[in-house]
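The values are calculated or read from the model by the stated rules, or taken from the named source; none is laboratory data. Worth saying up front: this structure is predicted, and the values here are computed from it rather than measured. Backbone-built Cβ (ideal geometry, glycine too); neighbour counts: all protein chains shown.
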Amino acid sequence: MAVMQVVFIGIISVDKQNISFSMKTKDELCRVPINRNCCAVAELYGMVLYANIFNLKQIRIRTELASVAKRASMLIEKVLGVQLEVQNIGHRLVLQIDDSRLIEKIMTTFGYDAKPYISYPLNRNMVEQDCCAAAFLRGIFLISGSVAPPDKKSHLEIKCSHMTLCRQVISLMLDLGMSPKMLSRQTTGIIYFKDTASIEDFLTRMGASLSAMEIMEAKVEKNLRNNINRQVNCETSNLVKTTDASAKQIAAIEKALLIGGIEIFPENLRETVDLRVANPASSLAELAEMFQSPMTKSGLSHRLRKIMQITQRLEQSQAGKE
Ligand SMILES: [Zn+2]
């Protein structure tokens, strides 16, 4: 078969902001060494099954990334012994096969007969071994997967052009102990993961351990930040509670003092009355420390309750007089 020159063009028309992390992950996946032939076949199988076009007339693998085009080309050469030219069509990098003999060879390699299908089912024989299943998932992710950057909400997805294939890949993932979710849009489907642990696991299995680690680190950092925020919020809300309670106590005490003076309160409560009014911003613990003789928080709390009862009774009796 003719050997053509392989030309790689850089990334074309890519929204760097949106896909930079997916791109980085795919670049990492494209560096995963392929040690076994079975895995080369399985990874190419994933790419072809999720290719833009896959039928008896034409096979067309389309990607935005030069690394993915190069990887696909390398796998085609390794598995089929053919070198293909990477074309630049409509701002995409395309590997296209129109040669009917080569297509037949590909179909046979992946265990299909030469009959036309509306959608090609997943041939589980190709992904029987764990190494091959991981390689297959890498292949489909490289062609139709994306992953949200670590600083965004965790999300990894793979778009499927047919629901049947989508369900079959889900069932493979379930057999591998993964917990994928599925979304259907008419005839097409999306397989996705939302929890960080599943995404890390998925990326690690495919061989993108650096990307997985980045996501994990971002999560640890985020948790730490959330904990600090929670603590600060908690302290703030305690402070608000303290101040609210203190304001209520002081208002009641001052009202009572206006009506009957300090004699309204029994001798043993007068120091508490004085300290509360003089230190409106102090918490119970702080106030307890100000007493001449030692006072516990619960002891102080008990006294403040008594003071409030006295002011309430006074208020009620005043109301009765009116
Ligand atoms: Zn293998």
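Quick notes
Results for (1) touching a helix residue (DSSP H, G or I) at 6+ places or on another chain (Cβ under 9 Å); (2) modelled with pLDDT of 95 or more; (3) away from the ligand (no atom under 16 Å from the Cβ); (4) not charged (D, E, K, R), shown as yes or no for each residue.
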site	(1), (2), (3), (4)
ARG138	yes, yes, no, no
SER161	yes, no, yes, yes
THR164	no, no, yes, yes
MET182	yes, no, yes, yes
GLN186	yes, no, yes, yes
PHE193	yes, yes, yes, yes
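- Pairs, first assigned by TED's automatic domain parsing to the domain that holds GLU28 and surrounded by fewer than 23 Cβ atoms within 10 Å (Cβ to Cβ) in region 51-69, second outside any strand (DSSP E or B) and of a type in the set (S, T, N, Q), C-beta under 6 Å, six or more apart: ARG60/ASN52; ARG62/ASN52
- Of all residues in region 209-225, those that are surrounded by 13 or more Cβ atoms within 10 Å (Cβ to Cβ) have Cβ atoms under 7 Å from Cβ atoms of residues that are of a type in the set (Lys, Arg), 6 or more apart or on another chain, in SER211/LYS24.
- The one condition in (1) in contact with a Lys or Arg (Cβ under 6 Å, 6 or more places away or on another chain); (2) surrounded by 21 or more Cβ atoms within 10 Å (Cβ to Cβ) that GLY139 fails to fulfil: (1)
- Residue within region 171-181 that is among the hydroxyl-bearing types (Ser, Thr, Tyr), touching a Lys or Arg at 6+ places or on another chain (Cβ under 8 Å) and without any contact (Cβ under 8 Å) to a residue 60 or more places away in the chain present: no
- Selection of region 8-61 for residues being modelled with pLDDT of 95 or more, among the charged types (D, E, K, R) and within 16 Å of the ligand (Cβ to nearest atom) yields only GLU43.
- Selected residue [outside any helix (DSSP H, G or I) and over 25 Å from the mean Cα position of the chain (by Cα)] from LEU56, LEU75: LEU56
- Failed item, numbered, when GLN96 is tested on (1) away from the ligand (no atom under 16 Å from the Cβ); (2) assigned to a loop (DSSP other than H, G, I, E, B); (3) at pLDDT 90 or above; (4) of a type outside the set (Phe, Trp, Tyr): (2)
- Conditions (1) in contact (Cβ under 8 Å) with a residue 12 or more places away in the chain; (2) in contact with a helix residue (DSSP H, G or I) (Cβ under 9 Å, 6 or more places away or on another chain); (3) in the same structural domain as GLU43 (by TED's automatic domain parsing); number of the one not met by ALA281: (3)
- Total residues in region 261-285, condition of a type outside the set (Val, Ile, Thr), surrounded by 12 or more Cβ atoms within 10 Å (Cβ to Cβ) and in a helix (DSSP H, G or I): 7
- Residues in region 110-130 that are part of a loop (DSSP other than H, G, I, E, B), in contact (Cβ under 8 Å) with a residue 60 or more places away in the chain and closer than 12 Å to VAL41 by Cβ: PHE110, ASN123, GLN129.
- Scanning region 230-262 for residues that are closer than 15 Å to MET308 by Cα and charged (D, E, K, R) yields ASP244, LYS248, GLU254, LYS255.
- Check on VAL169, more than 16 Å from the ligand (Cβ to nearest atom), in contact with a helix residue (DSSP H, G or I) (Cβ under 6 Å, 6 or more places away or on another chain), in the same structural domain as CYS39 (by TED's automatic domain parsing) and β-branched (Val, Ile, Thr): no
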